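One structure is given here, and the rest of the page talks about it.
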Amino acid sequence: MHHPQPHISTPASASFAAAAAFDFKPAKRRGSYNCGRCGLPKKGHVCHLNSSTNPTSISTPTSSPSAVTVENSSSASRPPHAPPVRQSYTHLRRALSFDDIETRADSPEHDLDDSDSPYPGTDLDPDNEMVSGGLPAGCLWEVLRRLPPAGLLAAASVCKGWRETTKRLWRAAEELRLMVPPRGQLRFIGSVLKKCPSLVRLSLKMESDVDATMLACIAFSCPNLESMEISTSNTAVNRITGDELGRFVADKRCLTSLKMEGCSNLGGFVLSSSSLSTLWLSDLYSLSKMVFNCPNLKEVSLEFSRQENDTTDLTTMVDAMGRSCPRLQNIHIASVRLSHAVVLSLTAANLRGLRMLSLVLGSEITDASVAAIASSYSKLELLDLSGSSISDSGIGMICNVLPNTLSRLLLALCPNITSSGIQFATAQLPLLELMDCGMTVCDPDSQNSPCDESGDNELPNALNNKLHLMYQKLIIKHSRLKKLSLWGCSGLDALCLNCPELNDLNLNSCKNLHPERLLLQCPSLQNVHASGCQESLIGAIKSQVSDSMASLENQFQCKRLADGSKRVRAPDCLSQEANDDKKRRKVVEQQCKVLVD
């Protein structure tokens, strides 16, 4: 329900408005019976202070060369001070960092414009002015700019000075991350965006359906928008069509980044933009056409729904995208319809600047596809072929072509890869920093293992298959590897890691890894994921991690005794470096976390 705000009279002169907006003296309230000079009750009171007492001068220190002086006079007829010279506050144009994106307005139906200042034309430097209560406006600015949108709306109703400061905060905002409530979403978005004319980055978490009206509201309220991200909750539906999205991209000539979830109703689209450089679309389904007229597009991510009846022609789409977007550097496509023909279309485009290639869930991608990728793109820094059918031979091709550039290799859900291929990749790729081999060295019959059934139902071929895939060992020695994922590798029996830079290790569901065959020589290890592992293995991991951390503690320099008989640990005060005032290297203790849940 709309509640009108009390009317505030506006002075005739603009200078009086500027001074009154930042006057720290609280206005006289109706019904006050206290003396204006000494503060005692007026009834039967004779003020002992002379009316000609000199006014009190309060100086507010600021970062500017000259401080601003605010005078509080007891005379009501004294004219207001002249406002200071208007200064530019472009140095205060910072992004509103809303760390809690879950924050929303308590009442979406409330008119957010009711908190506007009665002096919309006043733009004074907050660092040189005072607000109600004597608080410097610069301090108030630093406090309020850290509040979420709902907190800013509540702060605007405190007093006139706070209302003016929050208004300037909204005007100076360049980034806004907001969760949109299900009720009154269009009114809520329109009211908030109206306050942010300088907005360039917008991120919305929608809890209700999204349609073309929302896009039109964003396009009208944010003329300088450069980056937009729309994510949807599990119950929300994105009803934006391909034609509506194409018109939005064509109208926003400053748009450089577009990320949108739930794009199942696009049907087909034609995107034409000379400024768009990043495009992320997820939940795509059965697209009839995909046209990219984006010559400056550098990063594209297309995730399709995992449905077998998807009729999208990926071969034609990839071929057109490669010809119309010659500056592509990062490509990510996730679809069950990825095949060797799609890879050949991509390699025929000859994208010379391609650095990251991710083709996920393509079970028809084989070693021949890897050969085509290696022959066309020899400067890849990231390669993700998770869910493909490549084998150890494909890993060998990758290592032969990309030993000097590849730093991230992701081969999860590749059933034809063995521990020998993983070990060969870590030995031949010296720049490798991240490797994901989840569900590679695993037993396909582990869920229906013969050991769980009765002895009469055990099949010899299933047992032989299990014995062939089990009892694999993995030995990795790498100087730069930082993250290693072996989740679901139930075929691993022994693991030895000598990686001084490794800080994250994923061993989730490594059920057959023996504790006595585990060796971790990783002093920088910070996180070990061990969900679904045996209790004895978890205990062995904790023991080895604690032992490695204890070996790094209390590393004092060694010093011989006077007779030269043996060495003892000497404290810093006795070392030669301490006497020469040289800084000694200190080993910082790092606690490694073993994550089980």
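The values are calculated or read from the model by the stated rules, or taken from the named source; none is laboratory data. As the structure is a prediction and not an experimental result, all values here were calculated from the model. Please note: Cβ atoms are built from the backbone with ideal geometry, for glycine as well, and neighbour counts cover all protein chains shown. Heads up: the accessible areas ignore ligands, DNA and RNA and are worked out on the full protein's heavy atoms, side chains in. Shrake-Rupley method; radii C 1.70, N 1.55, O 1.52, S 1.80 Å.
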Cα centroid of region 319-347 to Cα centroid of region 396-425, whole Å: 21
Could you sort 354-363, 432-441 so that the peptide with the highest average Cβ count within 10 Å comes first and the rest follow in order? 432-441, 354-363
Separation of the Val158 and Lys477 label points, Cα + 7 Å toward Cβ, nm: 6.3
Just subtract the alpha-carbon distance of Ser375 and Arg253 from 0.36 nm times their residue separation and send over the number in nm, one decimal. 40.2 nm
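Among the listed pairs Lys259/Lys379; Lys205/Lys482; Lys194/Lys289; Lys379/Lys473; Lys195/Lys298, which have their C-alpha atoms separated by more than 29 angstrom in this model?
Working: Lys259/Lys379 27 Å; Lys205/Lys482 32 Å; Lys194/Lys289 35 Å; Lys379/Lys473 31 Å; Lys195/Lys298 32 Å.
Result: Lys205/Lys482; Lys194/Lys289; Lys379/Lys473; Lys195/Lys298 exceed 29 Å.
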Rolling a 1.4 Å sphere over the protein heavy atoms, what is the accessible area per residue of region 473-551, to the nearest Å²? 42
Can you give the accessible area per residue of region 132-172, in Å², using a 1.4 Å probe? 35
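In whole percent, what relative contact order does region 473-551 give with Cα contacts below 8 Å and a gap of six or more residues? Please list the in-between numbers first.
Values: 167 pairs, mean separation 21.6, N = 79.
Relative contact order comes out at 27 percent.
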Mind jotting down a quarter of the surface of the convex hull over the alpha carbons of region 341-391, in square nanometres, one decimal? 3.1
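Counting Lys +1, Arg +1, Asp -1, Glu -1, what net charge surrounds Asn234 among other residues with beta carbon under 13 Å of its beta carbon?
-3
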Within the accessible area of region 343-402, what % is carbon and sulfur when the probe is 1.4 Å and the other protein chains stay in place? 49
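Which order do peptides 203-215, 165-177 fall in by mean Cβ count within 10 Å, highest first?
Order by mean packing, descending: 165-177, 203-215.
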Quick check on packing: order 298-311, 264-277, 384-397 by the mean number of other C-beta atoms within 10 Å, highest mean leading. 384-397, 264-277, 298-311
Tell me the per residue accessible area of region 198-289 using a 1.4 Å probe; a whole number in Å² is fine. 40
Given R₀ = 25 Å, what would the calculated FRET efficiency be for Asp313 paired with Ala368, taking r from the Cβ atoms and rounding to 0.05? 0.75
Region 356-383 versus region 230-270: alpha-carbon centroid distance in Å: 29
